[in-house]
Amino acid sequence: MQGAVENPDQVIPKDDHILLTARDVTVRFGSVIALNGFTVDIPRGVIGLLGPNGAGKSTFIKASLGLIPRNGGTISVGGLDPQTQSLRIRDDIGYMPEHDCLIPNVSAVELVSYLGQISGMGPRDAMQRSHEVLDFVGIGEERYRLVKSYSTGMKQKVKIAQAIVHDPSLLFLDEPTSGMDPNGREEMLDLVRRIGATGKTVIVSSHILQEVERVCEHAIIISDGRLVRDGKMGVLMAGEEGLFNITIRGVPKALEGFVRALGGVCDIVEKTDEGTNQVALSARGCGDGRRVFALSKEHGVQVRGYVPDKMSLEDVFLQAFQGGGSRGY
Ligand SMILES: Nc1ncnc2c1ncn2[C@@H]1O[C@H](COP(=O)(O)OP(=O)(O)OP(=O)(O)O)[C@@H](O)[C@H]1O
Ligand SMILES: [Mg+2]
């Protein structure tokens, strides 16, 4: 979204690939260690922050905003330290907290405009911008109603609107789809995608792995206050090299002949019958696929799919937690 009101407080450099760096960050609440030597480099883009309940996701977000102090380690957001330069950084960061943060007895348009003024806009610009961001998130005439009359889904949208009112470069969304029905979640994911498409970096925490898989370009998995895995989605989800998933369609006898012949030239690691006329295979060592297609012609069957193996984010997650570390998801 290109704001009509330019953000004069942009402090985050436009071109650095890595936007946020955390090194050995520790945050304690009494005897609880919420972040325990957490280290990560976060690039630009739409970034998923994943982890079980109590993993430290919200703590990391708050520490990156300078809302809570660190007990050790360093955080740099666009070269600035959120602990010592928190006001400057917050001018260029938007934050949608996990829990309800809206003032109930004002209308959405007043609330968002008021928060725009707190961010340094004049009253007229703030009101114009409030209308723009409420349009963007899909709040219509309801914007003149008191926030306390809103559904959970509408409140979540207003929470996003207040986070982007000052046109920040970096946005933290803490569980934006929490409490929403499937349609509301779809709308919210679409919003995240649209915000990401404007060139802003969006760091979004979520429990729903399929959501992160669909909208994020990069994921960070955190557990017990430590980084478990991170990387580009395509790299994290790449399956075993050389393993292909093949779907074949044909009459049962032809299918049988094809599978037997394929088994003679490469290693079939899994075979699933999908009805009487289709079979799904996972096979290793089939080379560039020409052999598979030649055999299919020979046996009078049709290759419906021939794709490299790919893991779901759920597989990645489970693999990351093999051997313990998770407090249950
Ligand atoms: N203000 C606080 N006082 C005491 N303990 C806290 C406080 N905030 C967080 N904690 C503890 O720190 C740990 C990390 O909490 P955090 O809220 O960062 O986890 P999370 O990954 O966001 O979890 P969730 O998925 O449930 O939102 C938890 O054990 C939590 O109970
Ligand atoms: Mg949380």
*asked:* Which of TYR306, TYR150, TYR95 ends up with the largest GNM mean-square fluctuation for the chain, with Cα atoms connected below 10 Å?
replied: TYR306
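Provide the FRET efficiency to the nearest 0.05 for the ASN183-THR84 pair, computing r from the beta carbons and using R0 = 41 Å. Display every interim value, and only then the final one.
Working: r = 43 Å, r/R0 = 1.05.
Efficiency, rounded to the nearest 0.05: 0.40.
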_PHE172 long-range amide H proximity, modeled H, under 5 Å_ = GLY94, TYR95, MET96, ILE203
*Can you list the HN-Hα couplings for the range 56-65, worked out from phi with the Karplus curve (6.51, -1.76, 1.60; θ = phi - 60°), rounded to whole Hz and with x for Gly and Pro?*
x, 4, 5, 5, 4, 4, 5, 5, 6, 8
*Return, ordered by residue number, the residues of the range 219-246 whose backbone nitrogen is under 11 Å from a label point located 7 Å along Cα→Cβ of VAL307.*
245-246
_Centroid-to-centroid separation of the range 87-160 and the range 168-196 [C-alpha atoms, Å]_ = 15 Å
*Per-residue ³J(HN,Hα) for the range 270-287, Karplus 6.51 cos²θ - 1.76 cosθ + 1.60, θ = phi - 60°, Hz, x for Gly and Pro*: 7, 9, 10, 7, 10, x, 7, 10, 9, 9, 10, 10, 10, 9, 10, x, 8, x
_Nonlocal amide H pairs with LEU243, under 5 Å, H built at 1.01 Å_ = ASP309
*Using modelled backbone amide H atoms (1.01 Å from N, in-plane), which distant-in-sequence or interchain residues come within less than 5 Å of GLY305's amide H?*
THR247
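What is the ratio of the Cα radius of gyration of the chain to 2.2 N^0.38 Å, where N is its residue count, to two decimals? The partial results should precede the final answer.
Details: Rg = 24.5 Å, N = 329, 2.2 N^0.38 = 19.9 Å.
With N residues counted in the chain, Rg over 2.2 N^0.38 Å equals 1.23.
Where does the longest stretch of the chain lie that holds no GluC sites (Glu not before Pro) found in a DSSP loop with 10 or fewer other Cβ atoms within 10 Å?
Details: sites that count: GLU6, GLU241.
In the chain, the maximal stretch lacking such sites is 7-240.
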_Output wanted: per-residue J couplings in Hz (rounded whole) for the range 220-231, from phi through Karplus 6.51 cos²θ - 1.76 cosθ + 1.60, θ = phi - 60°, x for Gly and Pro._
10, 10, 10, 8, 6, x, 10, 6, 9, 8, 7, x
_Using Cβ contacts closer than 10 Å as the measure, can you line up LEU243, LEU87 from fewest to most?_
LEU87, LEU243
*C-alpha center-to-center spacing [the range 205-223, the range 27-85] in angstrom*: 17 Å
_Need one word for the range 120-192: rounded, prolate or oblate. Basis is the Cα gyration tensor (sqrt eigenvalues a ≥ b ≥ c); a/c below 1.5 gives rounded, then a/b vs b/c decides._
oblate
*asked:* Which of HIS218, HIS207, HIS99 ends up with the largest GNM mean-square fluctuation for the chain, with Cα atoms connected below 10 Å?
replied: HIS99
*Among the Cys residues of the chain, which have no other cysteine Cβ under 4.7 angstrom away?*
CYS101, CYS216
*asked:* Using only the alpha-carbon atoms, how far is helix 123-137 inclined from the longest principal axis of the chain? Give it as 0 to 90 degrees, nearest 10.
replied: 20 degrees
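Can you put THR74, THR201 in order of Cβ neighbours within 10 angstrom, beginning with the fewest? Show your work: numbers first, answer last.
Working: THR74 13, THR201 23.
So the ranking, lowest neighbour count to highest, is THR74, THR201.
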*Name the residue, out of SER312, SER205, SER169, whose mean-square fluctuation peaks in a Gaussian network model built on the chain with Cα pairs under 10 Å.*
SER312
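Where a number appears in this text, it was derived from the coordinates with a stated rule and is not lab data. Note that the structure is a prediction, hence the values are computed from the model and not measured. Please note: Cβ atoms are built from the backbone with ideal geometry, for glycine as well, and neighbour counts cover all protein chains shown.
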